[in-house]
Structure formats: C-alpha cells, structure tokens
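See below for the structure under consideration.
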Amino acid sequence: MNFEDNQALFIEEARDRLQTIEGSLVILEKQPADMDLVNEVFRGLHTIKGSGSMFGFQSVADFTHHVESLFDEVRSGHFPVDSRIIDIGLRSVDCISLLLAGGDGGEERLGILSAIEGLEGDGAGERVSRAVRAAEAEEGEPRPRVTAPGSGPERIFRLSFRPQKDLLHRGVRLETLFRELSSLGSCHVTAVTEAVPELGELEPSLLHMSWLITISTREDLEAVRSVFIFVEDYCELAISPVELGAGEEGIMVPKLGEILVDRGFLQDSDVEEIRQEQKPFGAVAIDKGKVSAEHVEAALAEQAMVRTIGSERESRQEAATIRVRKEKLDGLMDLVGELVILQAMMEQEAKKDSAGAFASLSENLGRLSADLRDTSMSMRIVPLQEFFMGFQRLVRDLSAQVGKPLRLEISGGSTELDKNVIELLKDPLVHIIRNSADHGVETPELRSRLGKAPVATISIDARQVGPRVEISIADDGAGLDMGRIRERAVEKGLIGAGETDEERIRSMVFEPGFSTSEKTTDISGRGVGLDVVKRNLERLRGEVSLSSEEGRGAKLTLSIPLTLVIIDGLLVMIGGHNYVIGLNQVQECVDMTASARGAGGRDSMLNLRGMTIPIIALRESLMIDGDYDGLARLVIVNSEGASVGLEVDAVVGRKQVVIKPLSRAVSSIKAVSGATILGDGSVALILDVAEIVRARIGR
Amino acid sequence: MNIQIAESPGDLLLSIDGRAGIDESDELASAFRKALESGAPLVRLALSGLSAVDVSFLQLLLSLELSLSRGGRSLALRPLPAGHVLLQVADLLGINVKRLLASKTESA
C-alpha cells in the first residue's frame, strides 16, 4: 500500500470516527455526567490528530489538537459539559470534515477557536488556547508528539521514580523529563511529598520528593525506560507492566486494594481490616494511616487506565477488525459474480456429460462458488447502528430550527445491510425525518393542549424480514390529515370526488408535487419530495409504505433487499429473449386464456377471481415485433400497491441472478434496470417493473 | 527575580516576579524563612508575576506550607490566571497545588 492509499484510508477512517464522535456528543448533551462519552470523544479526536499528522494532514492535526485539548480539560473535570461545549464539539466535527475534504475551514475554523478561547468557567478555554500557543511558541523544549501512537497494543506501565537528592545539581530539568514521558501516551503523575521537610531543615537545591507514575501507551517498556536514560544513574527507577487480567467479559478491572497490595503499599491483612469497615476503601485506608492520599491517588489512576483500555478493547472487538476499502470489496464482488456466471456455464456443459468426472467437478465448483459468493456478500454487510446514530445530530439541529423539542429513538441498530445500500438510503431518510420534524409533529403548545408529552418522539426501527430489511420511521405527531389529502388530490384531478379507498387516498402523498401544506419552509413541505423518496427506494429495488393514525402519528416503512448485487428473479421469455422480473414483486403466474382476457386487445384487463387487473403486453413495452403463437402467460406483479398483469411468452422459472450494470448506451432505457449473464452465456435484461407500469398506465 | 515583602498587622505579603528556579532557590528560601520568622499568622503569596518555575520552587512552597501549618498558621495564595506557568508545572509534576492551597486561596 503506498502513501496515497494510506492517506485515503486515513480519510475514510477519520470520517467514521467523526461520525462516532458526533453521535457521542449528541448523547452527551442529554447525559452530561457520562464520562465514558467524554473519553470516547477525546480518544476519537486524539486518534484523528495523531494519524492526521502522520499522513500529512497537518491542518487537520493542528485544528484537532485544539479541540482535543478542550475535551482533555473537560475530561479532567476542569470544565463542565454544557451546551457550549457540545456546540463547539459538533461544529468542530463539521470543520474537520471540511478540512478532510481539502477545504481550509475558513472563518468557521477561526470562529471555533475563538469560541474555545472565550469559554469562561474556571478558565479552561483560556488555558487550552494558552497551552496550545505556549507549545507552538516554545523553542528548545520537546513538544508533545503529534504522531500516531506506537504500533503495539495499548498497555499500562507502573513507574516508581525516586531521584537522588542532588539530581538538580546535575543540570537535569525534571519538567522536560516529565513532558517527554507524557508524550508517550496517557500519563498520570503523582508526586509523593511526605518527605519534604520544614523550611528550617530544607536544603532548597536538594530534592525530597519521589514520584508514582502510571502511563498507558502503545510503546514498549524500553521506550518508556529510554526517557530516563540521562538520569538512570542518579535515581532509583522501577518500571513494571501492569498485568491486564482477562475475564469472560473482557479485561477485569482490579480493585483498589489489589493495586495497593500489588504496589507494596498494603498487606493482604490490611485489606481485610479495611474492608471490615464497609466504607469507601481509599478513604478508610488513608484514615487508618495505612497509606497516603498520594498512594491512593496513584492507584486510582491505574484503575481508571485499566478500565479505559478494557472498554476500548471491547469496542474494537465489536467493530470490524480489518479495514478494507469499499472499492476493493466491490471489485471482489464483481469477480465473484463473474465466477458464478462461469460456473453456471460450466454446469450447462457438464449436463452433457452427466456420468463423467466433469459433472462431479462442476458440482463441487458450484458449491464452492456459492459459498464464496455468500462470504463475499457478507463482507459488505454492516450493522445499521452507526448509520442511524448520524441522525441524532440531524434531529438535534432540526429541533432548534423548528423550535420543537424532539428526541430520536433508535432500535434494531444491529440489523445488517449492504454498505452500498446504506449509503443510498441516507437521502430518503433525511427527507423523511425533516418532514416529520417540520410538519409531522405538533408545536409544544399544541401538544400540551392535546395532553401529549412536550418532547415529540421520532423513532427509527430496523428489522430483517427474510431477504429484506424493513426500516420504519415513525413520529408521534398529528398523523396525516386524510380529509385535506383527499381534497387536494381531487383538486389536482388525481382521484375522483367519490374516492373512498383510504389506502389510495394515502398513496397520493407519493405523487410528484403533491403537498397539503399551506406554506413551504426551508426544511420541507409535507408531501413534497416523498415521490422522490419512493423513486429512490425503487432504484434500490425497495418499496415504501405509509400508515397513519389521526392524532397519534405517521409511519413510513421502507423495505429494501439485503444486497443490490444478487437478486432472486423470475426468468421469463419474450420474443425469444430472456428477461428477469424481481421475484419480490411477483404475486403469481396465470395462463393468459382467451376467457380470462376481458374486452379489448393489448393492454386490456384481466378478470382474475372477480378482480379486474390491467394487463401490460411486454412485447409492446419493449418494442418487440411480432406476436407469440402459443398460449401466453401472465405474471401478476405488485406495483405501487396495485396488481398488474405482465404478459410474457413463457415463464422459464425462478433464478438467482448476479446484477451487472448496464453500459452507458442502454442505461437510459427506463424499462430496464440492469442485466445479468445466464448459464448459457446469454444476456438477460432485468426489467424495471415500476417504470414499465408508470409508462403504460400512468400509475 | 524580584521579591518584595510587605508586612501589615496580622499578615505578610510576599510578592515574587520573574524566574523562580534552582538558581534562585537560596534567595527564595531566605525570603520564605523571613516570612516564617515574622510570626505573621497569615502569609500571603502573590505569584502571578512569575515567568518560570521549576520543581525546586514547588518544593519550597510545600515546605513553607508545612512549616506554617505545623505552627498553626496559614498560607494563602493569591488567585492565579488559568494556565499560569506555576499551575502548568505543578500539573506536569503531579503536585496538587490546588489541594494544598485552594482552601486558603484569597478572593480576588
């Protein structure tokens, strides 16, 4: 992998991290005391800063350093989590995204930096900017390393550093040494000051202090020891790795007493004695004079570091362990598709030699290629949770824009979907959520009058249903105004004045340009754009349905195939050519008998068990000359909630097909959405049923 | 470095400006001892004018605080601006200045 590849990988990884940071910040706003979230934000920023510097994104590293410093202050308890911190954090996420895209962040970057500097409280903001400025201005002092941490796993070292009293006479600057040490990782330093004498006995140039240090780092023991290389002859130095005990549920966090015993500050018998008190261990240990407050502080720092490493490892185990560029997976999937097609061809040939070894080999290859296909597909399948978390920010911002308190509830985030499909779902979901926020939910005043909770809820839920995933977006608002929809639809001539079918009336909101809203806002206009949502879903071979209950809210359900690469299709024959219809749309197949056909010729109606169904002759739609002499078949499909019969020459059968993109020359043909290669090497076009129905009968 | 001592009934104010490191430690210790010997029940320190400090100065502070408290007297530190060099170095060296002095920090 060359440097450019690494840079691209960094950008991709940084964007993922920013998404996580954004999600954490939105939750943090609601749970400001959750220090795990603060740590998560800090760690994310720290990694972006370090990797950014390593891969040549200095502007990203420099800016992120400022924000990281702010969250370090928050982490240290010097600054409370409040709306200003969250705002700065979220604005910084946007700004870092801009910087990653090659922008300079312009005024927004400066605005954020001055917002940090302007923070009041205990002066944390000023301290951050002062510290940054000092670090930038300081010459001759080792600056904290702005590099990615070492390559090893995160580990903890416990150091005991007792310098000789005359160390300062040797020109050693302890501040420099500790600064260098803290650049290796997350460092906690406790000075043990109990040996400092009163002024009358103090020789001011001699040292009477020692230090207990705990460091969490990716560097090894030698790297830590090397910091002390110039003082090792003039001190007692002990460095020992902290054993991270693994339990069934990850790293076990040691008890305070265990650490104090391990460090030699307490005996086992002391621990028993202190535990008898049934009060906070550290406080009792100090009160009883068993240990100093400084010993307890150092032990607590070690305990906190073990806990942090445990939670980091846990979250790493939950996520994918190897990052692979999406393009590579797409390329792999293409190759697997070719292999599947080749295997189908081989199977065709093998049938001619059913008793020979070739048939057996072909069968084995068939099994292997099917396994390979499934494994490759599963690599692109990712949980929806992270994707959903991105909408927390959207809902937060919308809440402020529309002046309605909103909250987003997410469930089913562990449901998995093809990464490519997820990317294409973003715009439709954004649109639906904006609609809900702007027009779906009532104002707080109205909700109060209606006896509803003042904070409106928008919920996203996902679940797998067979080979498809259903994503529902619901709100607890007013629901659809069916009377108004009916009125508008009649005005626009979309339905007759006597239309009573609720489902038909409800489906009007998916008509292009349909809106019941008296005013359009810059956020949405109810109904406007839902046709686009529907079209986008259809491009994904998905479907959208809408339900509503007056006064209780509305729910849109998107049903999407797990993957866009391979579909279950029904192979049909028209004019001697093969075509594929998505099996998810097929209801049934019937013979096209003369008696079944009603009056009229092509594109007429079928009376199926008392139900009148429009028929579309696909020969017409696909402009295929000639007639079929035999008994035609009808494939009854569901298109936009209504049954339609597609007349074909013959139904060949069910087939799982690998979708190949269309060449540019034919990609504009609306009736066709893709192509596939069959086992005999012939090409079959995949029909876009919704487009065909729309073109022929205008639905 | 510049050290000024101002005595008033009941307390003593020690103002220190400039560098306060190992090279200045004897002079500083001498000033601190004078403050101790003054017998003032409250010794106040004005350190905002410090431009650099090291571990020896922090050790002197700890020692002064210890000596005063053992005699039933107090040390009070005048407020320092956030990010002041003294607080930075104390943080770096793990010396909890706030724990030692915050309760006795004077209001501005």
Original post:
So is A:I21 assigned to a helix (DSSP H, G or I), out of contact with any Cys (no Cβ under 8 Å at 6 or more places or on another chain) and buried (at least 23 other Cβ atoms within 10 Å of the Cβ) or not?
Top reply: yes
**OP:** For region A:374-401, enumerate the residues that are open to solvent by 40 Å² or more (accessible area, probe 1.4 Å) and in contact (Cβ under 8 Å) with a residue 12 or more places away in the chain.
**Re:** A:M379, A:V382, A:P383, A:Q385, A:E386, A:R396, A:Q401
Original post:
Do the conditions hold for A:S69, that is, is it of a type outside the set (D, E, K, R) and surrounded by 15 or more Cβ atoms within 10 Å (Cβ to Cβ)?
Top reply: yes
Original post:
Taking region B:10-35, which residues are touching a helix residue (DSSP H, G or I) at 6+ places or on another chain (Cβ under 7 Å) and open to solvent by 20 Å² or more (accessible area, probe 1.4 Å)?
Top reply: B:I22, B:R33
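Yes or no, residue by residue, for (1) open to solvent by less than 10 Å² (accessible area, probe 1.4 Å); (2) at positive phi; (3) more than 7 Å from every other protein chain (Cβ to nearest Cβ):
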site: A:I156; (1), (2), (3): yes, no, yes
site: A:L159; (1), (2), (3): yes, no, yes
site: A:L168; (1), (2), (3): no, no, no
site: A:G171; (1), (2), (3): no, yes, yes
site: A:S186; (1), (2), (3): no, no, yes
site: A:V192; (1), (2), (3): no, no, yes
site: A:E201; (1), (2), (3): no, no, yes
site: A:S205; (1), (2), (3): no, no, no
**OP:** List the number of the failed condition for A:L100; all other conditions in (1) at pLDDT 85 or above; (2) over 25 Å from the mean Cα position of the chain (by Cα) hold.
**Re:** (2)
Subject >> Extreme residue, farthest from A:M209 (Cα to Cα), among residues of region B:59-83 that are within 8 Å of chain A (Cβ to nearest Cβ) and not in a loop (DSSP other than H, G, I, E, B) >> reply: B:R70
**OP:** Confirm whether A:E29 is closer than 23 Å to A:G310 by Cβ and either open to solvent by 60 Å² or more (accessible area, probe 1.4 Å) or within 19 Å of the chain's Cα centre (by Cα) (or both).
**Re:** no
**OP:** Assess whether A:L494 counts as being of a type outside the set (V, I, T) and closer than 30 Å to A:I567 by Cα.
**Re:** no
**OP:** Have a look at A:H46, A:H65, A:H78 and point out the one that is touching a helix residue (DSSP H, G or I) at 6+ places or on another chain (Cβ under 8 Å) and outside any helix (DSSP H, G or I).
**Re:** A:H78
Original post:
On the given criteria, is A:L646 closer than 20 Å to A:V580 by Cα, open to solvent by less than 70 Å² (accessible area, probe 1.4 Å) and at pLDDT below 80?
Top reply: no
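For (1) assigned to a helix (DSSP H, G or I); (2) open to solvent by 60 Å² or more (accessible area, probe 1.4 Å); (3) modelled with pLDDT of 85 or more; (4) closer than 15 Å to A:V465 by Cβ, each residue gets a yes or a no:
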residue	(1), (2), (3), (4)
A:R541	no, no, no, yes
A:L546	no, no, yes, no
A:G551	no, no, yes, no
A:I560	no, no, yes, yes
A:T563	no, no, no, yes
A:G569	no, no, yes, no
A:V572	no, no, yes, no
**OP:** Kindly check whether there is at least one residue in region A:515-535 that is modelled with pLDDT of 85 or more, outside any loop (DSSP other than H, G, I, E, B) and open to solvent by 70 Å² or more (accessible area, probe 1.4 Å).
**Re:** no
Original post:
Within the bounds of region A:211-227, is there any residue that is more than 9 Å from chain B (Cβ to nearest Cβ) and over 29 Å from A:H65 (Cα atoms)?
Top reply: no
**OP:** Considering only residues that are farther than 14 Å from B:A20 by Cβ and within 13 Å of chain A (Cβ to nearest Cβ), look in region B:36-58 and name the one that is surrounded by the most Cβ atoms within 10 Å (Cβ to Cβ).
**Re:** B:V43
Original post:
Which ones in region A:612-664 are part of a strand (DSSP E or B) and small (G, A, S)?
Top reply: A:A617, A:S639, A:A642, A:S643, A:G645, A:A650, A:G653
**OP:** Considering only region A:89-108, state which residues are surrounded by 20 or more Cβ atoms within 10 Å (Cβ to Cβ) and of a type in the set (G, A, S).
**Re:** A:G89, A:S92, A:G105
Original post:
A:S673 is checked against (1) part of a strand (DSSP E or B); (2) modelled with pLDDT of 80 or more and fails just one. What number does that condition carry?
Top reply: (2)
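The values are calculated or read from the model by the stated rules, or taken from the named source; none is laboratory data. Just so you know, these numbers come straight off a predicted model, no measurement behind them. Reconstructed Cβ throughout: ideal geometry from the backbone, glycine too, with neighbour counts over all protein chains shown. Quick note on the areas: whole protein, heavy atoms, side chains included, nothing else; ligands and nucleic acids left out. Shrake-Rupley method; radii C 1.70, N 1.55, O 1.52, S 1.80 Å.
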